[in-house]
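Accompanying notes for the structure given below.
Just so you know, all these numbers are worked out from the coordinates, no wet-lab data involved. Computed from a prediction, not measured in an experiment: that's the story for all the values here. Reconstructed Cβ throughout: ideal geometry from the backbone, glycine too, with neighbour counts over all protein chains shown.
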Amino acid sequence: MVSTGVAGAMIATDVPGKVIAMWMPVMLFFAMAFEHSVVNMFLFPSGLLLGGDFTLLDYLIWNEIPTVLGNMIGGLVFTGLALYLAHRHTSGTPVADREAELETL
């Protein structure tokens, strides 16, 4: 969802569109209580410093490694592959040619 927000913001052409394209997927990611590796890199060490009942190895094996793998798969496959498949026919066309093509429509 975070990768979708980044991609949506890059695709949108005006500021309100960019804000909405970023905010909606990130808000959904948060609302669905998904794990994010960067946030966990802060939360879990903070929990250890505050006396949490787990070890650094527990954190790495049961949280950080699966979360990083899930984020990579989600970002690369679900966002990157979907964008590639949707735009593979236009990816090799120079911008000037695409603008001329749009003007004829």
Legend entry - For Phe34, Phe54, Phe42, Phe29, order by how many other beta-carbon atoms lie within 10 Å, fewest first: Phe42, Phe54, Phe34, Phe29
Inset, instruction - Kindly put Ser37, Ser46 in sequence by how many other C-beta atoms sit within 10 Å of each C-beta, fewest to most. - result: Ser46, Ser37
Inset, instruction - Divide the volume of the convex hull of the Cα atoms of the chain by its number of residues and quote the answer in cubic angstrom per residue. - result: 137 Å³
Legend entry - Residues His87, His36, sorted so that the one with the fewest Cβ neighbours within 10 Å comes first: His87, His36
Legend entry - Normalised contact order of the chain, rounded percent, pairs of Cα under 8 Å and 6 or more residues apart: 27 percent
Inset, instruction - Determine the calculated [θ] at 222 nm for the chain from helices alone, applying -39500 (n - 2.57) to every DSSP H run no shorter than 4 residues and normalising by the residue count; nearest 500 deg cm²/dmol. - result: -19000 deg cm²/dmol
Inset, instruction - Using only Cα atoms, tell me the angle between helix 15-31 and the longest principal axis of the chain; keep it within 0 to 90° and round to the nearest 10. - result: 30 degrees
